[in-house]
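Okay, so here's the structure we're looking at.
The values are calculated or read from the model by the stated rules, or taken from the named source; none is laboratory data. A quick note: this is a predicted structure, and the numbers were derived from the prediction, not measured. Here the Cβ is made from the backbone with ideal geometry for all residues, glycine too, and neighbour counts use every protein chain on show. Calculation scope for accessible area: heavy atoms of the full protein, side chains included, ligands and nucleic acids excluded. Shrake-Rupley method; radii C 1.70, N 1.55, O 1.52, S 1.80 Å.
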Amino acid sequence: MIKGIFFDVGGTICRSLDDKKPSFKRILADFTNRSIADFGVNKQNYLWTSSVSKKELIIQLCSDLEIDDWQALYKKIEAYSYEVCLYEDVKPCFRKLSIKYKLGLLSNTTMWTAFDHNKLELDDCVKFSVLSCMVGVAKPDIKIFTYSQKVMGLSAQELLYVGDS
């Protein structure tokens with residue numbers, strides 16, 4: 001029997017506040033003249049799982065990609081706001097779901113794009129946020145799901161995960 005539900009954040013319960021602003025991965029792709037597919041958990045896992053400083057992350061990325069001017073990329077990324085807004089139906093839906101289920105957020109995110117239940121103003125019905133950059137592992141690694149089970153205090157059979165893919 002399902003007792004808890006974890007939701008992904010980006011694309012599932014919220015969207016970019018300004019759809020015209022480029023995403024974190026798009027900024028990296030444009031700056032480096034690479035495909036957006038070159039930036040993700042399977043390519044630069046540390047961007048999604050490390051809690052070191054933003055500066056250290058960019059220095060490591062530039063070293064990996066053989067980019068000399070890490071400061072220029074850092075300034076570019078820091079210049080953007082990564083604000084998001086919830087889809088209109090999220091709060092009413094979560095209020096209803098929270099009556100019967102424990103709710104949490106489970107998201108692969110960077111230090112720039114980390115939005116937990118408090119920042120999203122969902123703390124009245126969502127009690128747990130498991131963010132990859134805070135726990136050191138990212139989906140699809142089973143360790144983040146195992147960690148999520150422990151945080152919520154439920155078994156895998158009692159949990160449901162809702163994502164956008």
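Annotations for the structure displayed:
- The residue list I99, W112, G136 was ranked by how far each Cα lies along the charge dipole of region 86-165 toward its positive end, using unit charges on Cβ atoms, and I99 comes out on top.
- Expected 222 nm ellipticity per residue - DSSP helices of 4 or more, -39500 (n - 2.57), all of the chain, to 500: -10000 deg cm²/dmol
- Beta bridges by DSSP in the chain, antiparallel share as percent, to the nearest 5: 20
- FRET efficiency, L97 to S51 (Cβ-Cβ, R0 25 Å, nearest 0.05): 0.25
- Gain in span if fully extended, E66 to N42, counting 0.36 nm per residue against the direct Cα distance: 6.8 nm
- Note on E121 and A156: their simple-model spin labels are 3.8 nm apart, each label 7 Å out from Cα toward Cβ.
- For G104, residues with placed amide H under 5 Å, excluding near neighbours: I5, F6, F7
- The translational diffusion coefficient of region 63-106, from Stokes-Einstein at 20 °C and 1.002 mPa s with a Kirkwood hydrodynamic radius over alpha carbon pairs, comes to 149 µm²/s.
- Cα convex hull of region 94-165, projected area averaged across orientations, nm²: 5.0
- Sequence-separation-based contact order of the chain, relative, with Cα cut under 8 Å and 6+ spacing, percent: 38
- Cα centroid of region 56-84 to Cα centroid of region 111-149, whole Å: 23
- Rg over Rh [alpha-carbon atoms, Kirkwood Rh] for the chain: 1.00
- Loop exposure criterion: GluC sites (Glu not before Pro), DSSP state outside H, G, I, E and B, at most 16 other Cβ atoms within 10 Å. Applied to the chain, the longest stretch between such sites is 1-65.
- Heavy-atom accessible area order for I2, I142, largest first, 1.4 Å probe: I142, I2
- Long-range tail of P(r) for region 3-81 (Cα pairs > 19 Å, %): 42
- Links that overshoot a 32 Å alpha carbon limit, given the list K75/K102; K55/K102; K102/K139; K54/K127: K75/K102; K55/K102
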